[in-house]
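The values are calculated or read from the model by the stated rules, or taken from the named source; none is laboratory data. Since this is a predicted model, take the numbers as computed values, not measurements. Neighbour counts run over all protein chains shown; Cβ positions are idealised from the backbone, glycine included. Please note that ligands, DNA and RNA were not included when accessible areas were found on the heavy atoms of the full protein model with its side chains. Shrake-Rupley method; radii C 1.70, N 1.55, O 1.52, S 1.80 Å.
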Amino acid sequence: MPDIRVVASGLQFPEGPVVEADGSILIVEIQRETVSRVRPDGTVEVVARLGGGPNGLAVGPDGALYVCNNGGFLFQTVAGYNRTRRGVHPHYTSGRIERLDPATGEVRTLYDRCGDHPLCGPNDIVFDRSGGFYFTDYGKHRERDRDHGGLYYALADGSRIVEVAHPMETPNGVGLSPDDATVYVSETETGRLWAFDLEAPGQPKRHPFPSPHGGRLVCGLPGYQRFDSMAVDAHGNICVATLITGCITVIAPDGTVLRQVALPDPIATNICFGGPDRRTAYITLSGTGQLVAMDWPEPGLPLAFSR
């Protein structure tokens, strides 16, 4: 196992790490229902209490924070690890995309539906260079059934949202290739990584049958391995947090699994890059409530509006 440094502990199901210019890390704490900031000394402070289930986080072109709010999860402890469970949060109404002004604390809902269809459980988000963003909607798990998920594209001013791909099976992580020409989506329950080749922002080239939604299959893992969120490195490799195995799976654009980096938590949920030359990986270990850091052999891809 690589040398892993604990940055913060005692977090309540952390995800969505974003590196700030001063070295602080913004995260969401889904169970705590907050956006939080982890200072370089490990101190944790609440930036905003959003309610529901803040799940994914990104900096937009205006410097505001954009949050995927899944509407709320239920949690349980299994074999000593915190994890989500099936069922609907008592205050759940729908999922939503929220804009948080970090200077004033103002929060407003940009989207809670696409056309006539309510958002169920927005999960992860990434901005392209034109200022729009892709986000996944995981769907919603109830005790005996669940909603289909999908991939969406929207503008940061709240004026437009379009469906890129639907239905998908529990779409979770989302990331862009270095040239913004391909958007990647990882599915949790299938353990599959899909690519959507773009003709224009929000407009994919549709691949024919047997693709279930027009995407191109990049990779599927054997055995019971489940995908969570992701980051892309500067070489275009897709680094996917992998549940149950408890690792980061590094996948080349052609689908080759380059390596799996072991972690001390089977519920590793997200990764981002920061530090000098973006060679530090920050990873959320949600089962144990930790944010950890480790040296990474390749630099991470700069995000469109990173600070």
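Candidates are the residues of the stretch 170-202 that are open to solvent by 30 Å² or more (accessible area, probe 1.4 Å) and in contact (Cβ under 8 Å) with a residue 40 or more places away in the chain; the one that is nearest to G131 (Cα to Cα) is P201. Taking the listed residues D197, D265, D228, D254, the one that is in contact with a strand residue (DSSP E or B) (Cβ under 7 Å, 6 or more places away or on another chain) and assigned to a loop (DSSP other than H, G, I, E, B) is D265, with no other qualifying.
For the stretch 95-140, the strands (runs of 3 or more DSSP E) that sit wholly inside it and include 3 or more residues that are modelled with pLDDT of 95 or more and within 13 Å of L151 (Cβ to Cβ) are 122-127, 132-137. Each residue in the stretch 200-225 was checked for being small (G, A, S) and assigned to a strand (DSSP E or B), and 2 of them qualify. Within the stretch 121-155, work out how many residues are more than 15 Å from the chain's Cα centre (by Cα) and among the polar types (S, T, N, Q). Total satisfying the criteria: 1. The set of residues from the stretch 1-38 being free of Cβ contacts under 8 Å to residues at least 40 places away in the same chain and either crowded, with 16+ Cβ neighbours inside 10 Å or within 21 Å of the chain's Cα centre (by Cα) (or both) comprises S24, L26, V28, E29, R32, E33, T34, S36, R37.
Scanning the stretch 254-288 for residues that are of a type in the set (S, T, N, Q), open to solvent by less than 40 Å² (accessible area, probe 1.4 Å) and touching a residue at least 60 places away in the same chain (Cβ under 8 Å) yields T269, N270, T284, S286.
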